[in-house]
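The values are calculated or read from the model by the stated rules, or taken from the named source; none is laboratory data. The structure displayed is predicted, hence computed values, not measured ones. Neighbour counts run over all protein chains shown; Cβ positions are idealised from the backbone, glycine included.
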Amino acid sequence: MSFVNPQFFLVMIVPFIILMFLISTNKERLSRIFDEKVLKRLSATDESMPLVVRNVLMFLAIFMMIVAMSRPVMEKGDKIVEVQGLTLLTALDISGSMRSTDVYPNRLEFAKKKMSTLFDAMPSDDIGVMAFAYSPFVLAPFSSDKETLKMMVEGVDDSYINMGSTDFSALGDLASSLLEEKKPKILLLFSDGGDEEAIAGFAEILKANEIDLYVVLVGTEKGAPVIGEEGKPFTQKDGTIAITQRNDALGEIAKENGGAFVIAGSGKEDIEQLVSVIRSKYKNQQQGEVTVKERVEYFYYPLWLGLLFLLIAFSSLPRRREV
């Protein structure tokens, strides 16, 4: 027999002993004024439980509740549990083109909603989150807590957007490091794409590290003006407004690296389709084995005893007599 939370017992036992001492040594107000024999003659008899017995029951009730909070258990040894599900790394594009408004309200916010849909579609899987543009960084480590992941992604706003060119090679290097011990190695990008020259080195890094790439492409073929930090269309040196279009070359790289891509639409079908493809390929490969301690809980025994003692003690309180 052992306790999961022995600190409760250690912390509460001293106040409990002090309380016992104060209550057991404290006399009633009438006992302080009258002699015990005189008080006995003056007192009307009742059928309630003696005060000493009632106090003992109260002490026992409190003690049993302290024991219950300490969680007594019987250890049965270690147990190996096989964890099912996938581990994948997601990455959100925060380059300057993600301010464009060819999807509502802009590409960044649209991509964030798609990521949230993905989290809902993969509730039992471990997912890590990155953001990338000129310099990639980790937003959230691998976790199955999807509400926390949603909160981290929701915190990415316009201030994160980097107007510099996207460094896909740096993205590949960081992804390789984070996925080094994972099997299979899955990288899922939410991006408006990249030109062939920029992603050429990225494809080589993926192949060298055996990373399967999946892409959710955001934006339209027609494109929209690039919006600057001040909220106005970005003007090039020749005075023309810079237009950014969705580039599907990144999707082709995904197909060449054992993955797939979808073009983000207004509903959930695109993400559900992509998740279906991922699951069918890996068929919920095991993340690994986890060793857990197998225990038999006994806290409910002292808890029920404490409640029983408390009920008896309160039910024996003297009642006011009607004259």
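Restricting attention to segment 53-108, which residues are within 27 Å of the chain's Cα centre (by Cα) and among the basic types (Lys, Arg)?
71, 79, 107, listed by residue number.
From 217, 206, 317, 250, which residue is modelled with pLDDT under 90 and in contact with a Ser or Thr (Cβ under 9 Å, 6 or more places away or on another chain)?
317
Is it the case that some residue within segment 18-41 is under 30 Å from residue 134 (Cα atoms) and at pLDDT 80 or above?
No, segment 18-41 contains no residue that is under 30 Å from residue 134 (Cα atoms) and at pLDDT 80 or above.
Which members of segment 209-259 meet the condition of being in contact with a strand residue (DSSP E or B) (Cβ under 9 Å, 6 or more places away or on another chain), of a type in the set (Val, Ile, Thr) and exposed (fewer than 13 other Cβ atoms within 10 Å of the Cβ)?
241 - this is the single residue of segment 209-259 that is in contact with a strand residue (DSSP E or B) (Cβ under 9 Å, 6 or more places away or on another chain), of a type in the set (Val, Ile, Thr) and exposed (fewer than 13 other Cβ atoms within 10 Å of the Cβ).
What is the residue count in segment 278-290 for residues that are more than 16 Å from residue 90 (Cα to Cα) and either modelled with pLDDT of 80 or more or not in a strand (DSSP E or B) (or both)?
8
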